[in-house]
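The numbers here are math on the coordinates, done by the rules we state, and not lab data. From a predicted model like this one, the values you see are computed outputs, not experimental measurements. We place every Cβ from the backbone using ideal geometry, glycine too, and count neighbours over all the protein chains shown.
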Amino acid sequence: MPLPPGISARDFQTVLRQFEGVVGKDWVFSSDEDVELYRDSYSPFWHEPEDPMPSAAVAPESVEQVQQIVRIANKYRVPLWTVSTGKNLAYGGSAPRLSGSVVLDLKRMNRILEVNDRNHYALVEPGVSYFDLYRYTQEKGLNVFIDAPDPGWGSPVGNTLDRGGGHTPLRDHFSTLCGLEVVLANGDVVRTGMGALPNARTWQQYKYGFGPYVDGIFTQSNYGIITKMGVWLYPMPEMRFTGTVSVPKHDDLIPMVDTLSYLMNSNIVQGTTRVANSLTAQARDAELIALRSKPGGASIPELEDYLRRKNLPYWSIDLPFYGPTEVVPAQWAFAKRKFSAIGGVQFRDGVSNRLPPTPEDLAKVANPVPLGVPSLAIFSALGPNSYGHIDVSPITPMTGQAVFEVMEVFEKVLQEMGIDNVGVVPAGTYYPRSFFFLFTFQIEHDVEKNRKMRAAFQRLVQVGAEHGWGEYRTHLAFMDDVANTYSFNNHALLRLHETLKDALDPNGILSPGKSGIWPKHMRKARA
């Protein structure tokens, strides 16, 4: 395993012994077998020297132990890469950005400190998973509803700090953050918001406290180590209902998305959905293949006629509603009235789920996450021969014109680069007032294919930026690429990030390279 940069083997052994003195010998991992477990399971650098490797890992169980570890790391300038549960697959997992870093594994800090079902919030440590939080609420009989991302083994702290998304009314996870406890690089402990008030009684109820609001600078950053986080939950709704809206023509997408945007911004449609195109589901149909294969390709009228003969819509959207049993039907009726202005629109009542779901209810659904129940069902979609995946995930305007443009521009890039195995999830609504796309690249156990895939990934990031579509987060391997696209005024934002890094972490020990933010002594080599 690699040594931390600039650290001798002798000094590194001294560091490990000092870590053992803090957490105990059983919780410092330095054997090849143990450290191997912290590699990226979805690495796009299979069997290549660029694959980042940690030198060791250390797992504290308390804030005080984190403070001591940070002070030791500062003394020897050993880089630490912090993970909560290390389950951030497709974005790097538990692997560091910089080879030789020591993984600071917070899995043992797994206490649920409070769940309040009167004001609907929780206070948790970073090692708590969504499964842990859900089981706790069930065992205690608490009247709260959890918004989990697709893989429930992740951490509310980790996912929120990476600004992840879910499926229900609280799907924008950063918006649910309320109060942090942070260990800074010098070992000092800070509580943000109302938590800075001794004996505060509203730490998880009022976000801002007094003075500058700083919580945001600790998301997707390397300025501190989060040891506690408040997260808002949702009062348990009585039901979830989905209704499907379908339209027959290509250009119907424009008024369809305008209406969807109105309903979402009015907080009538409250959960994650996505635009579906029937041509995608029919991609292997022989008639469609023949139609698209003729010189010049298929025209839009020809595609519309093909779908009409198949009795299929051109576009459809499932609208999710959450709330009281008296209110949800009225919301669906209002949504149908708004969409009725589109000629040929059709409506279909979908699934109605009572909440909280019973075990019998859960046995009937393929994916329980939209019902507030964490799951690992998402992995069944990858197929038995998958070695993992990584995602290009641009944020785009919530308009039909933007959907047309994104698909046209990105498909052209992929064709030019000879990439034909990308799974596209178009126009999702994880975040308010914008669309979220996923262009999924499969990881191969083939060096040349992976190199070709990485080049295509970088090209899509660049082309997306040129069109004004920025990535909202990315895999470790592409953090510098994405950071460099946010280049307004000669990279003024990155220069501000670096100023904060130099002030808060002058020795550069915390997660070097996270989100393209490097310590001062490494920037020249990385430029």
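Observations on the structure shown:
- Taking a point 7 Å out from the Cα of Leu3 in the direction of its Cβ, the residues of the stretch 65-90 whose backbone N falls within less than 16 Å of it are 76-79.
- Interchain or long-range residues, amide H under 5 Å from Gly154's placed H: Tyr130
- Counting 0.36 nm for each residue step from Leu493 to Asp11 and taking away their Cα separation leaves a gain of 169.9 nm.
- Expected 222 nm ellipticity per residue - DSSP helices of 4 or more, -39500 (n - 2.57), all of the chain, to 500: -9500 deg cm²/dmol
- Computed from the C-beta positions of Leu291 and Ile254, the FRET efficiency with R₀ = 25 Å rounds to 0.60.
- Approximate spin-label separation Ala196-Phe347, in nm, with each point projected 7 Å along Cα-to-Cβ: 5.0
- Cα centroid separation - the stretch 63-94 against the stretch 332-382, whole Å: 39
- Were the residues from Arg135 through Ala377 laid out at 0.36 nm apart, the gain over their Cα-Cα distance would be 85.4 nm.
- Anchor Lys228: lysines whose Cα lies under 29 Å away (excluding residues fewer than 8 positions away in-chain): Lys25, Lys75, Lys87, Lys107, Lys140, Lys207, Lys501, Lys514, Lys520
- If R0 is 41 Å, the Cβ-Cβ spacing of Ser41 and Phe334 corresponds to a FRET efficiency of close to 0.35.
- The average projected area of the stretch 122-280, computed from the convex hull of its Cα atoms over all directions, is 12.5 nm².
- Normalised by the number of residues in the stretch 56-120, the average gap of Cα pairs under 8 Å and 6 or more apart makes the relative contact order 43 percent.
- The stretch 187-258-the stretch 103-171 distance, computed between alpha-carbon centres (Å): 13
- Neighbour counts of other Cβ atoms within 10 Å put Ile317, Ile300 in the fewest-to-most order Ile300, Ile317.
- Separation between Cα centres of the stretch 1-46 and the stretch 450-509, rounded to whole Å: 27
- Gly179 long-range amide H proximity, modeled H, under 5 Å: Gly230
- Nearest 10 degrees, 0 to 90: helix 9-23 Cα axis against the chain principal axis: 80
- Between Val269 and Met264, the built amide H atoms are under 5 Å apart, and every one of these is 5 or more places off in sequence or on another chain.
- The stretch 269-321, relative contact order [Cα under 8 Å, separation at least 6], %: 65
- Cα long-axis angle, helix 328-339 against the chain (0 to 90 degrees, to the nearest 10): 60
- Here the label points at Asp420 and Gln462, each 7 Å from Cα along the C-beta direction, are separated by 2.5 nm in the simple model.
- Full-stretch length increase - Ser266, Lys452 - with 0.36 nm per residue and alpha-carbon distance subtracted: 62.6 nm
- Length-normalised contact order of the stretch 361-449 in % [C-alpha pairs under 8 Å, at least 6 apart]: 34
- Label point distance in nm, Glu238-Asp361, each placed 7 Å from Cα along Cα→Cβ: 1.3
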